[in-house]
Amino acid sequence: MAKRFFYVCTGLFLLVLSYHFGARSATAQAPGNPVVATVGSSVSSPNFVFTANGDFYYSQGVSYPYHLQGNIFSGATEATPETFGQLKARYR
């Protein structure tokens, strides 16, 4: 019985020690940028691969590596604020 108590106390001590040194929680590591679409000549060797953040990669074939070509969301978007007076003047 004393041996079991010692093991339980040791386990709790190691758990407290791990939290003390920075362990907060155990979570799974998922890919940060998964592939969402592929376009190409065949399913086994797609020419274009699109990821969730908008990056797209190109490959010339099965034995060639993929190279980053750009980002489909990288276009400039006008984001200047417009006053209510300017809005009314434009639609009069």
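The values are calculated or read from the model by the stated rules, or taken from the named source; none is laboratory data. Because the structure is predicted, anything quoted here is derived from the model rather than measured. A quick note on method: Cβ atoms are made from the backbone with ideal geometry, for glycine too, and the neighbour counts reach across all protein chains shown.
Assorted remarks:
- Residues located in the stretch 8-42, provided they are within 30 Å of Ile72 (Cβ to Cβ) and at pLDDT 75 or above: Gly32, Asn33, Pro34, Val35, Val36, Ala37, Thr38, Val39, Gly40
- Within the stretch 44-65, the set of residues being within 13 Å of Pro34 (Cβ to Cβ) and in a loop (DSSP other than H, G, I, E, B) comprises Ala52, Asn53, Gly54.
- The residues of the stretch 68-89 that are of a type in the set (A, V, I, L, M), exposed (fewer than 10 other Cβ atoms within 10 Å of the Cβ) and not in a helix (DSSP H, G or I), listed by number, are Ala76, Ala79.
- Scanning the stretch 68-81 finds one or more residues that are out of contact with any Asp or Glu (no Cβ under 8 Å at 6 or more places or on another chain), among the acidic types (Asp, Glu) and at pLDDT below 90.
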